[in-house]
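Everything on this sheet refers to the single structure shown next.
What follows is calculated from the coordinates using simple rules that are stated; it is not laboratory data. None of the values given here were measured: they were computed from a predicted structure. Glycine also receives a Cβ, built like all others from the backbone with ideal geometry; neighbour counts cover every protein chain displayed.
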């Protein structure tokens, strides 16, 4: 009955009210589709409803256009922002890095082995350091240096690449430049950053030094969507690891590299599975 | 729209097929009920479908009998084993202990503060040691000594108490006697035991000594439903904590007490929330 | 050879230099004492050396005065701040609470069962709510109400009780009043507070509401020494637990209660074992 | 005073008695060496004493031969099995793999970035699949196919390579062949294997399928020294990750890959830091 072949994922966001689950499930069933997974959440604070449903179409020749024609009426009735994804089509992920390679190495490994089901049309960096790693994985590497003078031009170039590669998602895998508000707004909920601390503690550029100075007993990493408000974007995933008094800032950073890699990988996987919804300054993650 | 007042929980188990979610959600919506939470799982291995739905009735005078009349047809059509629970009615939990008091102390604390929403009509023990603790919490304490000769009579007495107190659930909070297969079968999926190891490792009576002998680096606890097959019942929850070479069996047991308490408390809470379904030798836990 | 009977613990803090470990170990051995455990740490940032040694005296009639006479020369030579503790003598812990009882319940359970080896000469509270819990454990309960007008008098009374009970340690087990700088300085490194967040995130009075607003995916608790600088005292222990979007501030607080209890219990145990040393704004924890 | 340059590590194993710490620390101090770290453990069960000391020599031209001459008397007096390691000399690690590449990829990343300070003179595999990965990291790759007929010859070849490369440590990074007892005994405490389960649960070849069948709620990995007794070697490190009913054996294996990689990396790091001592069927890990 259940199958992983040819699954589609439907996501729905709309004002919360009576009858949404019934309407969606009813439509899918009437069309002969088999629901494999379905989770939803109604946020009592904002009155917003979030839903994710994975189903196997009843018909092998199922087309998204036909679905839109039929489901459109329900979408309109409930005021839905809905999307349908074909799981056979790989999302296109643009990865941005600077000099640190631990997150990139981890992402490329998961990309190469299929643990993260995605295409990587390009890696962009403001440095040349990681070109060899990209090359070994046969991913085009774009070097866009950034200086105070060239920042605007560099962003324009980055935007071009994002558009040319039709990126569905931009992942900042320790990209050490701040994106402009304009760029953030162009890809809302579609840029993921890994911050090397357990937010909201230790915002800013040198969190491991701050953690060392403060003497914390756990260090962490936070994967979040990028918004114009630095380090305040909606949090997708957080992880921590134990630390102690013997550790220098460099030791904390070394442990942090493992924590950052796994946290970013989990966040990207959740996003690619269409499980993450921005909800104001927060996220809803439907597992 | 959402409210925690007057919620009902509907659980469904039936053969997996197309249309179950739609049928359930459709019925609830048609009756004017508001779905707060709904999760389900179809097990591809056994072809069994599990569903848990929490809803607020549309009508304040909503009655379970009326629901049965209306929903019965759907239940029959899909071959459902379904149950409806009124969250205002506290489940009745019979707690059994021997001499160790850490799990009992933890359960009673959560009972007293309402963290675990349950009634405890009785505590049963084969020893008198914990009578004072029960008394302070104003819970009746039944002392049923067990000797090889009296085992059958003791079990008969226990069964009587379970029936007299109309126990919905029996929790073995470090009860150091093995229940007879007959008793296990009388309360299938309704007796929870805490085993003081990370099953399937270290079955048997002295797991901390075994863990010490083997030199493991993590020790754990396992909460499971009791079946006739000792320590092989469906696992509900497991937790671990770090251990090292400096620890004696007594040190491991001391750490283990915290792990056992929290693991049992979580399993009991999941059960009382009607989130746990036995599925052969395993469980489905719908969060 | 090893024995847990009649152990003594020696703690040493002094400027770091060559020969400290040799001098201490040499003296103990020359006197016929058997070293069971010994750990040390030299902080490269402050040039301070910390050491903790547990030993079994060679002579059953070993006296602290005789030790002082012999070890005093070494202490002077290295400029040591050293202390010798007889593990048979229970430290005296004054516990302060307000209305929340989860930390108190946990501490009293560990006190009653000997998991925390301490005496509790008194519980002090600005409310009457927890008097019954104290009474059942046969611990005197002092009710000292605090109002803006009575704050100074209340602190004076508290200080009197601390002195009368000869408290070695004061534990703020969710005591919701801020201690005056004067009192903090009177008991430096001897007042432990449990803060209900993962510091340095969410300082202040309502951390679970802040955590909810920010949408964090982990919530935590921090046990720290109290200093005049609120929520900035040296951190002893931190723990986290997973959270998600479905949880209300009240749900976060409920999970937080378990995290707070275990974190505070661990910090108190580390302190009572003489493993924690204040080191400026940080701690050294010798395990 | 403290420095990470030119550190040496001294390890000591001997029968436990009075005066060992004093003798070692006294000798090092008398020679003008500065002790950076020192930890020890006396096992009450076996009467064996374990010690690890890291020190900076007082003299830049410090030679191991001079140390042996001076320390030899102490070693003899206490019956010590002692070793002195120069931290500037990289240990030589032979890595063995089959077809799974997650552990190898992780080890090579840590090797390349210096997170694991080691030389890898060769990678040995019974398959050709991972030759490209080795090649990119410029590590020689030896393909030694194993069939029932060729097993003895293959082992002889492996032994030759281990000797030719003067391997200090052999790491089985998901090498799916069982080593002969003869080979195990040739490298006692010097062959580390990663077993893809939380031992002692799920020994054998298909642990994720077993874990799925049993419905465990946590899956784990165990890094251990290889002995002739399969899966019973002394455990160095263990890690777990949460699992649930929705996961297929393949899903468990996917999560398991991360757990295996991190567990093996930690165990190798502990070993290379000379922190791990075999102690009968167990290990002592001096942190």
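Arranged from fewest to most other beta-carbon atoms within 10 Å of their beta carbon, B:176, D:247 become B:176, D:247.
Across peptide A:102-115, what mean number of C-beta atoms from other chains lies inside 10 Å of a residue's C-beta? Can you show the working numbers first?
Numbers: counts 4, 0, 0, 7, 5, 0, 1, 8, 5, 0, 3, 6, 1, 5.
Counting other chains' Cβ atoms within 10 Å and averaging over A:102-115 gives 3.
Seen against the Cα atoms of chain A and their longest principal axis, helix A:64-78 is set at about 90 degrees. The DSSP beta bridges internal to chain C are antiparallel in roughly 70% of cases. What is the angle, in °, between the Cα long axis of helix D:20-30 and the longest principal axis of the Cα atoms in chain D? Nearest 10 is fine, range 0 to 90. Here the helix axis deviates by roughly 60 degrees.
Neighbouring Cβ atoms within 10 Å as the yardstick, rank C:127, A:271 fewest first.
Taking fewest neighbouring Cβ atoms as first place, the list is C:127, A:271.
In this assembly of identical copies, the label point of residue C:143 (Cα plus 7 Å along Cα-to-Cβ) is separated from its counterparts by 3.6, 7.7, 8.5 nm, sorted shortest first. Taking the DSSP beta bridges in the protein assembly as shown as the whole, what percent of them are antiparallel, to the nearest 5? Within the protein assembly as shown, antiparallel bridges account for around 70 percent of the total.
Could you line up D:88, B:275 from fewest to most neighbouring Cβ atoms inside 10 Å? Mind showing how you got there, number by number?
On the way: D:88 10, B:275 19.
Final ranking by Cβ density, sparse to dense: D:88, B:275.
Relative to the longest principal axis of the Cα atoms of chain B, helix B:151-164 runs at roughly 40 degrees.
Report, to one decimal in Å, the Kirkwood hydrodynamic radius for the range A:85-161 based on all distinct Cα pairs.
Values: mean 1/r = 0.0752 Å⁻¹.
With all distinct Cα pairs of the range A:85-161 included, I get 13.3 Å.
Shape descriptor for the range A:29-165: Rg over Rh equals 1.10 (Cα atoms; Rh from the Kirkwood inverse mean 1/r). The range D:90-169 and the range A:181-243 have Cα centres lying 38 Å from one another.
Residue by residue through A:231-244, how many Cβ atoms from other chains fall within 10 Å of the Cβ on average? Write out the running numbers ahead of the final one.
On the way: counts 0, 1, 0, 2, 5, 2, 2, 8, 4, 6, 0, 3, 1, 7.
Rounded to a whole number, the mean comes out at 3.
Taking every residue in A:36-47 and counting other chain Cβ atoms within 10 Å of its Cβ, the average works out to 4.
Here is how far apart the residue A:60 label points are across copies: 5.8, 7.8, 9.0 nm, shortest first, using a point 7 Å from Cα toward Cβ.
Sorted shortest first, the separations between the residue D:203 label point and its copies elsewhere in the assembly read 1.4, 5.5, 5.6 nm; each point sits 7 Å from Cα along the Cα-to-Cβ line.
The range A:14-59 and the range A:65-79 have their alpha-carbon centroids 13 Å apart. Copy A relates to copy D by a rotation, and the A residue whose beta-carbon is nearest that axis, with the distance in whole angstrom, is A:136, 3.
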